[in-house]
Structure formats: structure tokens, C-alpha cells
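Engineer: Following this message is one structure expressed as C-alpha cells.
The values are calculated or read from the model by the stated rules, or taken from the named source; none is laboratory data. On a predicted model such as this, the values are computed, not experimentally measured, just so you know. Backbone-built Cβ (ideal geometry, glycine too); neighbour counts: all protein chains shown.
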Amino acid sequence: MSIIITIIIIAVLIFMWISIYNGLVRTRMNTQETWSQIDVQLKRRNDLIPNLVETVKGYANFEQGTLEKVIGLRNQIAQVPNANHDEKMELSDQLSSSLKGIFAVAEAYPDLKANVQYSQLMEELTNTENKISYSRQLFNSSTANYNGKLQSFPTNIVAKVHHFEPSEFLETPTAEKEVPKVSFGPDGK
């Protein structure tokens, strides 16, 4: 009788171990899948940029510095290995800032702003930027869930034995954390 109870206890422990391990694998895969969604949106944005740059070039010949910076950052992102999340997101944040310069160019050129192709590209780009932002949030939620499992008992024991590593959160760039300065004075100060 005691042998049967011992076998049942061992079988239950093995089943629990397998269940915990599989849960860790699922949450790690979910975190990797959410990073993949970010990467898909980054590629989508990179694919839109050449068309946008060509459209803007016709209207803003002297804005070459902005256009060259956008193209350079786009090319750098394309060359970063997928596993290097930090560098890819840093370059992506720089590209987002540079794209704001192209948005500003449209304000100086009413004909460009009225251009249908430019408007469609800007709408697509804005939607893609929103998807990137959402994907970043989803990645951080998945990371929080995964890292929480790595630290919870008894999952932490299984995680340590099988060398599961925590995932890093994506952080907001310092420049975007700064409070914008708003003034309603006549001289803008």
C-alpha cells in the first residue's frame, strides 16, 4: 500500500513539474511572439518610409538633412540582428523622432499637405506608429507575466533548474519622458 502511495506522489510531482515547465515555455514563447509583432510593425514602417521620402523630396528640396537622417536610420534598423532588442528599439525611437521632422515639413508646404499620396502615406505611417506603441505595451505585459512566473514559487525552482532567463522590459526613451513646455504668451515664451 505504501508503495502505491509513493508511486502516486511521485507521479503527481512529475506531472506538476511537467505542467510548470510547459507553462514557462508558453509564457516565454508568448513574450517572443510579442517581440515578433514589434518587429513586424518596424518592418512595415521601414517599407513605408522610402515612398514617403520620395513624395516629400519633390516638395522640400532643401530639407535633405531630415530626409537623409530618416533613410540612414531606416537602413541601420534593417541591419540590426533580430536578437538585439535594445539597439533595434533605440534606433526605432530615433527614427520616430526624425519622422516628426517630416511631419513638420508638410506644415511648411501646403501643396504637400494636400497631396493625396502623401496623406495616405502619413495615415499609414501614423497607424503603424500606433501599432508599434501598442505592440510595445503588449510586449511589456507579456514580459511582466513571464518574469512574474520566474519569480513565483514553485515555478522559480523549475525555471532555475532549466535555466530560464528573465526578459527585459522596453523603456520609454528619456527624451519622451520630458514634460513638454506649453506657453500661451504673445511671444511664445
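Engineer: Does Leu91 satisfy the criteria of being touching a residue at least 40 places away in the same chain (Cβ under 8 Å), touching a helix residue (DSSP H, G or I) at 6+ places or on another chain (Cβ under 8 Å) and assigned to a helix (DSSP H, G or I)?
Structural biologist: no
Engineer: Could you list, ordered by first residue, the pairs with Cβ atoms under 6 Å in which the first is in the range 107-132 and closer than 13 Å to Ile49 by Cα and of a type in the set (D, E, K, R) and the second is part of a helix (DSSP H, G or I) and at pLDDT below 85, at least 6 apart or interchain?
Structural biologist: Glu124/Leu48
Engineer: Test of understanding: among Asn115, Asn145, Asn130, which residue is crowded, with 17+ Cβ neighbours inside 10 Å and either at pLDDT 70 or above or over 30 Å from Leu13 (Cα atoms) (or both)?
Structural biologist: Asn115
Engineer: Quickly run through the range 73-86 and pick out the residues that are in a helix (DSSP H, G or I), without any contact (Cβ under 8 Å) to a residue 24 or more places away in the chain and touching a helix residue (DSSP H, G or I) at 6+ places or on another chain (Cβ under 9 Å).
Structural biologist: Of everything in the range 73-86, those that are in a helix (DSSP H, G or I), without any contact (Cβ under 8 Å) to a residue 24 or more places away in the chain and touching a helix residue (DSSP H, G or I) at 6+ places or on another chain (Cβ under 9 Å) turn out to be Asn75, Gln76.
Engineer: Going by the structure shown, is Val80 surrounded by 13 or more Cβ atoms within 10 Å (Cβ to Cβ), of a type outside the set (Lys, Arg) and farther than 20 Å from Thr66 by Cα?
Structural biologist: Against the criterion (surrounded by 13 or more Cβ atoms within 10 Å (Cβ to Cβ), of a type outside the set (Lys, Arg) and farther than 20 Å from Thr66 by Cα), Val80 qualifies.
Engineer: Another question about this same structure. Only residues that are surrounded by fewer than 17 Cβ atoms within 10 Å (Cβ to Cβ) and not small (Gly, Ala, Ser): list them for the range 12-29, please.
Structural biologist: Val12, Leu13, Ile14, Phe15, Met16, Trp17, Ile18, Tyr21, Asn22, Val25, Arg26, Met29
Engineer: Can you tell me how many residues in the range 127-172 are assigned to a helix (DSSP H, G or I) and either over 10 Å from the mean Cα position of the chain (by Cα) or not polar (S, T, N, Q) (or both)?
Structural biologist: 28
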